[in-house]
Amino acid sequence: MPVKILDKVQFRLDLKEFFQATRIRPDSQDGDRVRALAKEAEGIARPKAVFREVLIVDRGQSFVTLDSIKINSQILRVNSQGLDRVFAYVASCGMELFNWAQGHFDMLDRYLADSIMERALNSALKGLEDYLRDNFNADRLSYINPGSLEDWPIEGQADLFGLLGDVEGAIGVRLTESYLMLPFKSSSGILFSAEKDYSSCMLCDRPTCPNRRAAYDSKLYETKYRDS
Ligand code: SF4
């Protein structure tokens, strides 16, 4: 299946949510700064994503082969049981906003710019999910990301980018030698339609993580994934 680029994702900062999350009072001087940066960012941001529908051509005890690329992940193998396709993706806040953020040096501005980039990335992910629902009939989407868990370490980025071809040419996201992505506010992984909601956070026991999306389930790996 061909690679598809989504580069027309709208970005509007939800100021109510932003003030609550950052604990900045809207009627303060910092609140004025938030509104000024939000206005700038909304004019500049071009969140985007690239994805490809990939067929599952083989499965083993702890791997899945997507097209001709073997992904060693017990969790992906179990979660994709019964499916014949998944979606490989990279999404990003976009280089436009990243470059804009690099021009801010004040500590508060840097923090705010970072938080705005995070929300632009979320807009790209939401745009991607909406597109897959509307055009590929893909419901109940869940994510698996290389580097989130030991099961699929960060080196898996090379395989993932291999499935998508020239990601930098498509949406400007570059993979570094240590498998990190530039811009930092980018996300890569596999999206799949799950019968039951799945999140890597359910298997991650990190005690404090600001991005946690689901509670840790200490029994889940043993009961669902180990040697299944
Ligand atoms: S809890 Fe945090 S570190 Fe762990 S998988 Fe979720 S987002 Fe990643």
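The values are calculated or read from the model by the stated rules, or taken from the named source; none is laboratory data. These numbers were taken from a predicted model, which means no experiment stands behind them. Note that we place each Cβ from the backbone using ideal geometry, even for glycine, and neighbour counts take in every protein chain shown.
Somewhere in the range 66-74, is a residue without any contact (Cβ under 8 Å) to a residue 12 or more places away in the chain and assigned to a loop (DSSP other than H, G, I, E, B)?
Yes, the range 66-74 contains at least one residue that is without any contact (Cβ under 8 Å) to a residue 12 or more places away in the chain and assigned to a loop (DSSP other than H, G, I, E, B).
Is it the case that residue 11 is in a loop (DSSP other than H, G, I, E, B) and hydrophobic (A, V, I, L, M, F, W, C)?
yes
Is it true that residue 22 is touching an Asp or Glu at 6+ places or on another chain (Cβ under 8 Å) and hydroxyl-bearing (Ser, Thr, Tyr)?
It is false that residue 22 is touching an Asp or Glu at 6+ places or on another chain (Cβ under 8 Å) and hydroxyl-bearing (Ser, Thr, Tyr).
Looking at 168, 177 in this structure, which one is farther than 30 Å from residue 19 by Cα, touching a Lys or Arg at 6+ places or on another chain (Cβ under 6 Å), without any contact (Cβ under 8 Å) to a residue 12 or more places away in the chain and more than 14 Å from the ligand (Cβ to nearest atom)?
168
Residue by residue through the range 195-222, note down the ones that are away from the ligand (no atom under 16 Å from the Cβ), modelled with pLDDT under 90 and of a type outside the set (Asp, Glu).
The answer is 196, and nothing else.
Take the range 180-194 and flag every residue that is within 16 Å of the ligand (Cβ to nearest atom) and not hydrophobic (A, V, I, L, M, F, W, C).
Selection gives 185, 186, 187, 188, 189.
Given the conditions (1) more than 16 Å from the ligand (Cβ to nearest atom); (2) surrounded by 21 or more Cβ atoms within 10 Å (Cβ to Cβ), report the number of the one that residue 126 does not fulfil.
The single condition residue 126 does not satisfy is (2).
Quick check on the range 142-156. Is at least one of its residues surrounded by 17 or more Cβ atoms within 10 Å (Cβ to Cβ), among the small types (Gly, Ala, Ser), on the phi < 0 side of the Ramachandran plot and touching a Leu at 6+ places or on another chain (Cβ under 6 Å)?
no
Checking the conditions here, which among 138, 158 is away from the ligand (no atom under 16 Å from the Cβ), in a helix (DSSP H, G or I) and modelled with pLDDT of 90 or more?
The conditions single out 158.
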